[in-house]
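For reference, the structure discussed in these notes is given below.
The values are calculated or read from the model by the stated rules, or taken from the named source; none is laboratory data. The model shown is predicted, which means the values in this text are computed figures rather than measured ones. Note that each Cβ is placed from the backbone with ideal geometry, even for glycine, and that neighbours are counted across all protein chains shown.
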Amino acid sequence: MKFKAVVFDMDGVMFDTESVCMKSWDTVGEEMGIGKAGYMVYKTLGMTAQAAIKILQNEFGKDFDAKLFKQKGRECSYKYFNDFGVPEKPFLHEALEYLKEKGYKLAVASSTSSDSVFHHLEEKNITHYFDKVICGDMIKNSKPAPDIYLKACKELGEVPENCIAVEDSKNGILSAHNANMSVIMIPDLWQGETEIDKLLFAKLKSLGEIKSVL
């Protein structure tokens, strides 16, 4: 099968930001009286901010100020990024360079807000690799709905069947699958499960293995 485009999720695929988020949510959870809440990152992987807020309120009660929690968590994470930089995944630049040399169109499809996505891409000087960047505040329905991947394919000018996604979360994999795309999984916090693994084109250990399948 010859693909024409590769669409990357961001958090957990290109950047090791989900582990930072877990620590931030632990800190903020204790500040707000709900205890360490980093485990909730697992339950909201791949979701937009609005979708995550609903999950947080389901967990901690409808009166819980999930919006404030998310805001404080973001501030805590950004303090880390400002102090130490955004941690990138191994072989990120090499993988992007390889795919560009092979002639693939490239896009980002991240549930994260536009300001964070472009901040991270620009800090690591990789924005120029991507033909299109689609963010969580550009679509109506969060992953696992197919909206973000359908938009990415449309923006790239390719049918979904000619595109392959690179994902790390269950919601992200289902989103791409629901858009009729093939999916490569590179596990991060979540290691996968049998039923989801059956949907995959490939399951890799790192971005460095992309050249073995594309």
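Consider the range 105-135. How many of its residues are small (Gly, Ala, Ser) and farther than 20 Å from Gly157 by Cα? Steps first, answer last, please.
Kept after step one, since they are small (Gly, Ala, Ser), are these residues of the range 105-135: 107, 109-111, 113-114, 116.
With farther than 20 Å from Gly157 by Cα added as a condition, the list becomes 111, 113-114, 116.
The number of residues fulfilling the criteria is 4.
Identify all residues within the range 124-137 that are at pLDDT below 95 and either under 13 Å from Asp9 (Cα atoms) or out of contact with any helix residue (DSSP H, G or I) (no Cβ under 6 Å at 6 or more places or on another chain) (or both); write none if there are none.
Listed by number, the list holds a single entry, Gly136.
Go through the range 168-201 and give me each residue that's among the small types (Gly, Ala, Ser) and either part of a loop (DSSP other than H, G, I, E, B) or touching a helix residue (DSSP H, G or I) at 6+ places or on another chain (Cβ under 7 Å) (or both).
Hits for the range 168-201 are Ser169, Ser175, Ala176, Ala179, Gly192.
Within the range 9-29, identify whether any single residue is in contact with a strand residue (DSSP E or B) (Cβ under 6 Å, 6 or more places away or on another chain) and part of a strand (DSSP E or B), and answer yes or no.
Yes, the range 9-29 contains a residue that is in contact with a strand residue (DSSP E or B) (Cβ under 6 Å, 6 or more places away or on another chain) and part of a strand (DSSP E or B).
State which residue is farthest from Met47 (Cα to Cα) when the search covers only the range 1-37 and only residues that are in contact with a Gly (Cβ under 8 Å, 6 or more places away or on another chain) and free of Cβ contacts under 8 Å to residues at least 12 places away in the same chain.
In this case the residue turns out to be Gly35.
Any idea which of (1) in a helix (DSSP H, G or I); (2) crowded, with 20+ Cβ neighbours inside 10 Å; (3) not β-branched (Val, Ile, Thr) is the one Ala165 doesn't satisfy?
(1)
If the requirement is being assigned by TED's automatic domain parsing to the domain that holds His93, of a type outside the set (D, E, K, R) and touching an Asp or Glu at 6+ places or on another chain (Cβ under 6 Å), which of these qualifies: Asn178, Asn141?
Asn141
What number of residues in the range 69-84 are surrounded by fewer than 12 Cβ atoms within 10 Å (Cβ to Cβ) and either hydrophobic (A, V, I, L, M, F, W, C) or closer than 13 Å to His120 by Cα (or both)?
2
Results for (1) basic (Lys, Arg); (2) over 20 Å from Asp147 (Cβ atoms); (3) surrounded by fewer than 16 Cβ atoms within 10 Å (Cβ to Cβ); (4) under 16 Å from the mean Cα position of the chain (by Cα), shown as yes or no for each residue.
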{"site": "Gly103", "(1), (2), (3), (4)": "no, yes, yes, no"}
{"site": "Ser111", "(1), (2), (3), (4)": "no, no, no, yes"}
{"site": "Ser114", "(1), (2), (3), (4)": "no, no, yes, yes"}
{"site": "Val117", "(1), (2), (3), (4)": "no, no, no, yes"}
{"site": "Glu123", "(1), (2), (3), (4)": "no, yes, yes, no"}
